[in-house]
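The values are calculated or read from the model by the stated rules, or taken from the named source; none is laboratory data. For clarity, every value in this text was computed on a predicted model and none was experimentally measured. Reconstructed Cβ throughout: ideal geometry from the backbone, glycine too, with neighbour counts over all protein chains shown.
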Ligand SMILES: [Zn+2]
Ligand SMILES: [Zn+2]
């Protein structure tokens, strides 16, 4: 009604113009629903709507040649690279193959052992693993192929061996070839100048301690095919602010992010089953973390000294909160422990002095010694039993030793 009111106030000519515009708009709209045209669509021709590239599929549409009506859609397979022959480069020991479709697609082949040493993979050497690298250059690029001499065949470089670049203090960046599948244990241990590494999607295994003490590394993406982040993998990566872990990872090892003091947030994908001992110990910048559904236990010391962690929810399904798990999480103002947790370890919440209260669900049948040590009179602990004598057998006699918090007991309908 508001609209007609407005129209009545403008002159008649204006109204006529508006009416004409409105009418033509209506005609235009209904034009889209014209009755079945006289022709029957022909078999049509396929028209490429998105050309495929070497690695990406394209799209196509089957269109009637008379009115371009889309009869069907389909995909066009990726073309694959079209590499020619090996050609020499200015570096006498490096050859290249260049893709005819895209000059940026290149394969490199190394002859001899001037830059790296290699070990064969398999009894009959079907591929090579980089055994060690020199650290005389800042940026290193691992080639795609290797052959010991010009008479041998090039074979793919598929692995980086254990300790391969251990203590290479000068390396600042590493390029890993697209065919590599495995990074061995301690491969980049103590590469303290390493700031940048891109791990290609082909990598499915990253060994334990692989990036131990890479104190300059700021960001890393774990490829989708990797299922396990091993023990100590990023231990003491004190500059690491950013890490992306794709769904598919089911295991994060002990000490994996120990002392990652710059890490501000991390998404743990669903599918991970446990948070191991010391995994996020001393991550003093970690302000946000989500513990996904599916986690069944939080290890000993898992979040100890995460001093700026503000809020945490222990999801349903978690049965155990380990010893010292949240010790010295002095910034924690909110913790929500859902029903299902059965065990809370010794010193689990020691010095969590910013929490105003915590509610222990009735499912907790075991409570360790001094679990709330350091708590003050301004804090409250809600416990799921009516008085001290009614506490479950496995609540330790000294569970509240060192704790001055107000204890409120469950009277059947409220905490008092
Ligand atoms: Zn047609
Ligand atoms: Zn290509």
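Pull up the range 50-69, narrow it to residues that are surrounded by 15 or more Cβ atoms within 10 Å (Cβ to Cβ) and over 30 Å from residue 39 (Cα atoms), then point me to the one that is farthest from ligand 1 (Cβ to nearest atom).
Checked the range 50-69; the qualifying residue farthest from ligand 1 (Cβ to nearest atom) is 54.
For the range 304-317, indicate whether the set of residues that are part of a strand (DSSP E or B) and buried (at least 22 other Cβ atoms within 10 Å of the Cβ) is non-empty.
No.
Of 113, 126, which residue is in contact with a strand residue (DSSP E or B) (Cβ under 8 Å, 6 or more places away or on another chain), modelled with pLDDT under 95 and more than 16 Å from ligand 1 (Cβ to nearest atom)?
Answer to the selection: 126.
Looking only at the range 56-80, which residues are without any contact (Cβ under 8 Å) to a residue 24 or more places away in the chain and within 16 Å of ligand 2 (Cβ to nearest atom)?
56, 57, 58
Taking the condition of being more than 16 Å from ligand 2 (Cβ to nearest atom) and over 36 Å from the mean Cα position of the chain (by Cα), how many residues in the range 87-106 meet it?
Matching residues across the range 87-106 total 6.
Regarding residue 109, is this residue within 9 Å of ligand 2 (Cβ to nearest atom), under 30 Å from residue 130 (Cα atoms) and touching a residue at least 12 places away in the same chain (Cβ under 8 Å)?
no
Let me spell it out: the conditions are (1) more than 22 Å from residue 153 (Cα to Cα); (2) at pLDDT below 95; (3) touching a strand residue (DSSP E or B) at 6+ places or on another chain (Cβ under 9 Å); (4) away from ligand 1 (no atom under 16 Å from the Cβ), and residue 31 meets all of them except one. Which number is the exception?
Tallying (1) more than 22 Å from residue 153 (Cα to Cα); (2) at pLDDT below 95; (3) touching a strand residue (DSSP E or B) at 6+ places or on another chain (Cβ under 9 Å); (4) away from ligand 1 (no atom under 16 Å from the Cβ), residue 31 fails exactly one: (3).
For residue 118, only one of the following conditions fails: (1) surrounded by fewer than 19 Cβ atoms within 10 Å (Cβ to Cβ); (2) more than 28 Å from the chain's Cα centre (by Cα); (3) more than 23 Å from residue 81 (Cβ to Cβ). What is its number?
Condition not satisfied by residue 118: (1).
Can you confirm whether residue 177 is closer than 23 Å to residue 127 by Cα and within 20 Å of the chain's Cα centre (by Cα)?
The answer is no for residue 177.
If you check 226, 272, which single one turns out to be within 14 Å of the chain's Cα centre (by Cα), over 21 Å from residue 304 (Cβ atoms) and free of Cβ contacts under 8 Å to residues at least 40 places away in the same chain?
Going through 226, 272 in turn, the sole match is 226.
Among the residues of the range 35-48, write down those that are free of Cβ contacts under 8 Å to residues at least 24 places away in the same chain, assigned to a strand (DSSP E or B) and more than 13 Å from ligand 1 (Cβ to nearest atom).
47
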